[in-house]
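S.K.: Pasting a structure here, questions to come.
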Amino acid sequence: MIESILLVDDESLFHLVFEDACSLLDISLSLRSLDSADEAAKLFAEWHKMQSGKPECVFVDLNIIGSSYDGIELIRKINFEYGNHVVIGIISSSNEPEEQAKALQAGAQFWIIKSDDIEPRLEQFKKDFEGYKKRTAPFKIYK
Amino acid sequence: MKFCKKDKEQLLELCKQKNICLEGNILKLIEADDPEFDAYIKQAIEKDREARKKRLEITKKIQTQNTDLSNLNSKNQKIMEELSETLESVKESKAQIETQNLELVQWREENEKIGEELKEAIKKSEDARIEAEKAKENAENDLDLIQKKTQFELVSIIVKAALYVILGVGLVTTGLYITAMFTNKDTQIIGSTWSNMFGILLTNAFSIIGTIMGVKYASESSKKSEE
């Protein structure tokens with residue numbers, strides 16, 4: 001089970017879906033949802049200063065409406081500015097190879113395609129999580 | 001995480017009496033050390049799972065509906081944009097048609113003006129033609145008059161000359177005859193000559209008058225036929 005998860009997604013309704021799916025699949029007991037990339041960056045900056053409080057895994061939406069930067073930029077910031085000690089990836093309805101390549105360059109470890117049937121993907125992700133944590137699993141797209 | 005006996009009893013009582021149980025991920029952290037509380041925790045977890053499943057289904061439905069609505073909204077916006085573009089093009093077409101109409105109206109007015117000018121010109125030319133015809137008629141009349149006058153003058157001169165000749169010959173013959181009578185000369189020849197001459201002259205005089213009348217009648221009849 002993942003210790004703690006942070007979800008950054010502007011779609012509030014997806015927060016509920018993700019929270020319930022994670023609970024039903026016993027993915028994590030601790031889940032925090034944010035709807036802004038700025039807020040997430042601010043929190044990571046604080047956690048970086050305090051050297052504690054970071055979530056174990058971060059799911060970032062590709063396009064976070066109302067934020068200063070998109071999901072890929074947030075991943076880059078988290079990885080290169082606040083230390084890359086978290087498992088981080090994209091959760092988006094987009095399946096653009098170009099964007100996926102950019103995300104990989106920014107340090108994303110996975111790409112989960114958001115859809116109605118999210119549970120099987122999250123279940124697969126749960127199985128692969130240890131590999132991501134140990135940095136041994138390659139970049140994977142969950143379709 | 002463990003509960004004391006009193007708390008466990010309270011939680012079990014609450015569940016029995018009001019069907020209120022613990023919910024959420026905290027249930028996964030509670031350790032049950034007696035069968036009754038273990039059953040309670042399992043029941044609460046099951047209840048929580050059921051509630052989450054139900055909520056997940058509802059949320060997904062809402063999400064799908066939201067996606068559909070969003071797609072519909074996008075389509076509507078596209079349709080609105082298309083409508084707006086169509087409206088714009090219709091407005092442009094309308095403006096063009098109005099401009100063309102205006103130009104047509106101007107052309108029509110110009111045509112009407114030109115038509116009126118043409119009518120006026122035609123009228124003027126008709127007037128000019130009538131005037132020209134009148135002038136021609138006048139000229140012809142004048143010419144006719146001049147011709148007639150000339151003819152009459154000529155005829156008058158001829159008649160006068162002829163009458164003078166007749167009168168002169170008559171007078172000379174008469175004078176010779178009278179002289180012959182008063183001078184007791186032979187008047188037989190001169191008398192018969194005078195009477196012959198007088199008869200011939202009289203005949204010729206009437207012949208001249210007849211000829212003149214004939215010419216006059218002929219010229220009048222030819223003029224009438226020309227008209």
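Nothing in this text is a laboratory measurement; each read-out follows from the coordinates by a stated rule. Not measured: the values here are computed from a predicted model. Glycine also receives a Cβ, built like all others from the backbone with ideal geometry; neighbour counts cover every protein chain displayed.
S.K.: When the Cα atoms of the protein assembly as shown are enclosed in a convex hull and the volume is divided per residue, what value in Å³ results?
M.R.: It is 315 Å³ per residue.
S.K.: Per the helix-only calculation at 222 nm, which mean residue ellipticity applies to chain B, given -39500 (n - 2.57) for every DSSP H run of n ≥ 4 and division by its residues, nearest 500 deg cm²/dmol?
M.R.: -33500 deg cm²/dmol
S.K.: Related question: Once the Cβ-Cβ distance between B:PHE198 and B:THR150 is put in as r, and R0 is 25 Å, what FRET efficiency do you end up with, to the nearest 0.05?
M.R.: Given R0 = 25 Å and the Cβ-Cβ separation, E is 0.15.
S.K.: At 25 °C and 0.890 mPa s, grab the translational diffusion coefficient of chain B from Stokes-Einstein with a Kirkwood Rh over Cα pairs, rounded to a whole number in µm² per second.
M.R.: 74 µm²/s
S.K.: Between A:LYS133, A:LYS49, A:LYS114, find the one with the highest GNM mean-square fluctuation for chain A; connect C-alpha pairs within less than 10 Å.
M.R.: Of A:LYS133, A:LYS49, A:LYS114, the Gaussian network model singles out A:LYS49 as fluctuating most.
S.K.: Next question, about the same structure. In whole Å, what are the extents of the stretch A:2-142 along the principal axes defined by its C-alpha atoms, from largest to smallest?
M.R.: Per principal axis, max minus min of the Cα coordinates gives 36, 32, 32 Å.
S.K.: Along the charge dipole of chain B, Cβ charges K/R +1 and D/E -1, which of B:GLY210, B:LEU83, B:GLY175 sits furthest on the positive end?
M.R.: B:LEU83
S.K.: What ranking of B:THR150, B:THR173 emerges when the number of other C-beta atoms within 10 Å of each C-beta is taken as an exposure proxy, fewest first?
M.R.: The fewest-first ordering by Cβ neighbours comes to B:THR150, B:THR173.
S.K.: While we're on this one: Going down the list A:LYS49/A:LYS140; B:LYS91/B:LYS113; A:LYS54/A:LYS143; A:LYS54/A:LYS133, which pairs span over 21 Å between their C-alpha atoms?
M.R.: A:LYS49/A:LYS140; B:LYS91/B:LYS113; A:LYS54/A:LYS143
S.K.: Residue by residue through the stretch A:60-67, which ³J(HN,Hα) values in whole Hz follow from phi under the Karplus form 6.51 cos²θ - 1.76 cosθ + 1.60 (θ = phi - 60°), with glycine and proline marked x?
M.R.: 10, 6, 5, 10, 9, 5, x, 10
S.K.: If each residue's Cβ is checked for other Cβ atoms within 10 Å, how do A:TYR82, A:TYR132 rank with the fewest at the top? Intermediate values should be presented prior to the final figure.
M.R.: Working: A:TYR82 18, A:TYR132 22.
Going from sparsest to densest Cβ surroundings: A:TYR82, A:TYR132.
S.K.: Give the cross-link partners of B:LYS134 among the aspartates and glutamates, using a straight C-alpha distance below 14 Å as the criterion and excluding same-chain residues fewer than 8 apart.
M.R.: Qualifying aspartates and glutamates at Cα under 14 Å: B:GLU126, B:ASP142.
S.K.: Counting other beta carbons within 10 Å of each Cβ, put A:CYS22, B:CYS4 in order, fewest first. Can you show the working numbers first?
M.R.: Details: A:CYS22 25, B:CYS4 8.
The fewest-first ordering by Cβ neighbours comes to B:CYS4, A:CYS22.
S.K.: Check A:SER4: other-chain or 5+ apart residues with amide H under 5 Å from its amide H, H built from backbone geometry?
M.R.: A:GLU56, A:CYS57
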